[in-house]
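The values are calculated or read from the model by the stated rules, or taken from the named source; none is laboratory data. It should be emphasised that the depicted structure is a prediction, and the values quoted were computed from it without experimental measurement. Glycine gets a Cβ as well: all are built from the backbone with ideal geometry, and neighbour counts include every protein chain shown. Surface areas here come from the heavy atoms of the whole protein model, side chains and all, with no ligands, DNA or RNA. Shrake-Rupley method; radii C 1.70, N 1.55, O 1.52, S 1.80 Å.
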Amino acid sequence: MRKLLLLSLVIFSSCTVQKINKSVSKSQVFDQGHLGFMLVDPVKDKVLVDINSDKYFIPASNTKLFTFYTSYTILGDSLVNGLNYLEKGDSLIFWGTGDPSLLHPDLKNTKVIEFLKQQDKQLYLLDNFDQVSAFGSGWSWDWYNAYYAAERSAMPVYGDIVRFAKKEGDSTFTIYPPRFDSAMKLIEPKGNSSSSFRRNHLENKFDYFVTSEATDKRFETDIPFITSANLTAQLISEAVGKEITLISNVNYLEEEPKKLLTAPADSIYSQMMKISDNFLAEQLLLLVSDQLDNKLSTADAIAYAKENLFADLPDEPLWVDGSGLSSRNMFTPRSIIALLGKIRAEIPMDKIKAYFPAGGESGTIRNWYPADEGQPPYIYAKTGTLSMSNALSGYLLTKSGKILHFSCLMNNYPISGNELKTELTKVLYYIHDKY
């Protein structure tokens with residue numbers, strides 16, 4: 001009887017796997033473009049679905065999975081180094097580490113400001129900004145006005161953005177930081193929008209309009225500003241209330257600096273993963289580079305990770321930035337599956353759930369992949385979206401209590417991302433329900 005029961009379970013399981021495969025491989029929606037899909041049961045060490053898992057795809061923000069694992073491994077989950085500094089007689093010389101939290105409108109970290117306020121020495125900002133290019137390899141020039149392409153910098157302040165925000169019922173909007181108030185120019189309303197903010201391409205001046213229709217509406221718009229060592233010195237000087245002199249003696253960079261711990265890495269990881277924050281992802285790799293050798297280099301951080309953390313992946317990551325904004329990033333589904341296994345092996349599932357977007361509940365998938373009413377989320381996964389690229393990779397919890405690892409990369413589809421996500425919702429729910 002026991003043998004018959006086991007045989008029945010094997011046959012049922014086999015039929016289920018076949019139906020899962022068919023739901024993906026025979027889909028008329030997925031058939032319209034290039035699909036890479038891999039589904040693994042890690043406990044059984046069994047591949048349930050394998051469609052083009054050895055082929056390279058543009059992963060978009062699935063790149064952040066690599067950034068997250070690299071950062072977590074090198075930086076840990078405690079406080080990050082927010083400032084390098086040297087004390088020379090009556091002078092304090094400091095420079096940036098890439099820490100994105102300084103006066104960030106969401107992270108709101110003020111430890112560097114408080115530290116500098118307490119000093120009775122002359123303050124000097126050492127210019128190491130030439131170590132960091134504002135934009136990543138392969139980024140588009142016309143993203144300059146979009147929050148998702150905020151400039152990278154050695155020492156970000158205010159998240160390197162200006163935030164225009166209005167609460168419901170307020171008669172006017174606020175500007176953070178307020179120093180950009182003098183850079184605003186009112187223009188005539190255009191189109192059907194009730195409010196709009198746009199930066200001039202090559203200068204920190206902003207055109208805007210807010211119509212009377214927006215009086216009772218709330219909004220929040222983040223626009224990147226053009227970064228520079230001079231502007232950073234000014235912004236920090238204004239926040240500290242002391243004069244800060246910009247210097248360029250590169251010899252100081254060769255000395256071993258003291259370090260000031262600032263923001264919890266956990267808070268940066270969570271925001272980066274849940275809302276797919278490109279700026280935080282880029283700055284995390286700079287923090288990794290600073291931790292490794294007191295230098296800021298995205299390329300160095302990636303090279304270190306590829307050699308020391310990802311050498312055992314099935315396929316070499318073709319990896320150029322932290323966020324996935326570049327279409328020059330390319331990974332295979334089976335390498336992402338291997339990475340998901342590394343994350344599971346080293347990070348408790350409760351922490352993974354705290355970092356990753358949850359289907360139907362939080363982050364970039366709060367409106368997608370919902371669980372049955374009254375049930376907890378069954379998808380914890382990282383999204384990815386670029387023109388002609390859509391991705392979802394992470395963990396799928398089944399009704400039978402299993403945790404499966406999956407990676408779905410979709411490139412060159414002539415249909416909308418919503419159509420792809422609707423079809424993927426059907427597939428993932430079937431797996432959740434039946435396996």
- Note on the structure: Of (1) part of a helix (DSSP H, G or I); (2) touching a strand residue (DSSP E or B) at 6+ places or on another chain (Cβ under 7 Å); (3) open to solvent by 10 Å² or more (accessible area, probe 1.4 Å); (4) under 25 Å from Ser327 (Cβ atoms), Phe115 satisfies every one except (4)
- Task: Consider Ser53 carefully, then state whether it is among the hydroxyl-bearing types (Ser, Thr, Tyr), assigned to a helix (DSSP H, G or I) and more than 19 Å from Asp300 (Cβ to Cβ).
- Result: no
- What number goes with the only condition from (1) more than 23 Å from Asn249 (Cβ to Cβ); (2) part of a loop (DSSP other than H, G, I, E, B); (3) open to solvent by 40 Å² or more (accessible area, probe 1.4 Å) that Thr73 does not pass? (2)
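Within the range 387-402, track down each residue that is within 24 Å of the chain's Cα centre (by Cα) and either modelled with pLDDT of 95 or more or of a type in the set (D, E, K, R) (or both).
Ser389, Asn390, Ala391, Leu392, Ser393, Gly394, Tyr395, Leu396, Leu397
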- Are any of the residues in the range 118-131 part of a loop (DSSP other than H, G, I, E, B), touching a Leu at 6+ places or on another chain (Cβ under 9 Å), open to solvent by less than 40 Å² (accessible area, probe 1.4 Å) and of a type outside the set (A, V, I, L, M, F, W, C)? yes
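Go through the residues of the range 273-287 one by one and say whether even a single one is open to solvent by 60 Å² or more (accessible area, probe 1.4 Å), touching a strand residue (DSSP E or B) at 6+ places or on another chain (Cβ under 7 Å) and either farther than 13 Å from Phe68 by Cα or of a type outside the set (A, V, I, L, M, F, W, C) (or both). Spell out how you get there, then give the answer.
Going residue by residue through the range 273-287, those that are open to solvent by 60 Å² or more (accessible area, probe 1.4 Å) are 275.
Then drop every residue that is not touching a strand residue (DSSP E or B) at 6+ places or on another chain (Cβ under 7 Å), which leaves none.
No, there is no match, as no residue in the range 273-287 is open to solvent by 60 Å² or more (accessible area, probe 1.4 Å), touching a strand residue (DSSP E or B) at 6+ places or on another chain (Cβ under 7 Å) and either farther than 13 Å from Phe68 by Cα or of a type outside the set (A, V, I, L, M, F, W, C) (or both).
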- Task: Just one of (1) more than 17 Å from Asn84 (Cβ to Cβ); (2) among the hydrophobic types (A, V, I, L, M, F, W, C); (3) part of a loop (DSSP other than H, G, I, E, B) trips up Ala165, so point out which.
- Result: (3)
- Note on the structure: Across the range 153-186, the tally of residues that are closer than 27 Å to Ala229 by Cβ, acidic (Asp, Glu) and open to solvent by 20 Å² or more (accessible area, probe 1.4 Å) stands at 1
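Within the range 90-125, which residues are more than 26 Å from Arg163 (Cα to Cα) and more than 28 Å from the chain's Cα centre (by Cα)? Explain how you work it out, then say what you get.
Step one: of the range 90-125, the residues more than 26 Å from Arg163 (Cα to Cα) are 90-94, 118-124.
Within the range 90-125, Asp90, Ser91, Leu92, Ile93, Gln118, Gln119, Asp120, Lys121, Gln122, Leu123, Tyr124 meet the criteria.
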- Message: Among the residues of the range 25-45, are any surrounded by fewer than 16 Cβ atoms within 10 Å (Cβ to Cβ), over 21 Å from Lys421 (Cβ atoms) and not aliphatic (A, V, I, L, M)?
- Response: yes
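When you scan the range 225-248, do you find a residue that is under 16 Å from the mean Cα position of the chain (by Cα) and open to solvent by less than 50 Å² (accessible area, probe 1.4 Å), even just one? Explain how you work it out, then say what you get.
Looking only at the range 225-248, we keep the residues that are under 16 Å from the mean Cα position of the chain (by Cα), and these are none.
Checked the range 225-248: no residue is under 16 Å from the mean Cα position of the chain (by Cα) and open to solvent by less than 50 Å² (accessible area, probe 1.4 Å).
Which ones in the range 205-220 are open to solvent by less than 40 Å² (accessible area, probe 1.4 Å) and out of contact with any Ser or Thr (no Cβ under 7 Å at 6 or more places or on another chain)?
Of all residues in the range 205-220, those open to solvent by less than 40 Å² (accessible area, probe 1.4 Å) come to 206, 209, 211, 214, 219.
The answer is Phe206, and nothing else.
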- Query: If we scan the range 135-146, do we find a residue that is open to solvent by less than 30 Å² (accessible area, probe 1.4 Å), modelled with pLDDT of 95 or more, touching a helix residue (DSSP H, G or I) at 6+ places or on another chain (Cβ under 8 Å) and within 29 Å of Leu318 (Cβ to Cβ)?
  - Reply: yes
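Open to solvent by 10 Å² or more (accessible area, probe 1.4 Å), at pLDDT 95 or above and more than 30 Å from Asn412 (Cβ to Cβ): does that describe Ser101?
It is false that Ser101 is open to solvent by 10 Å² or more (accessible area, probe 1.4 Å), at pLDDT 95 or above and more than 30 Å from Asn412 (Cβ to Cβ).
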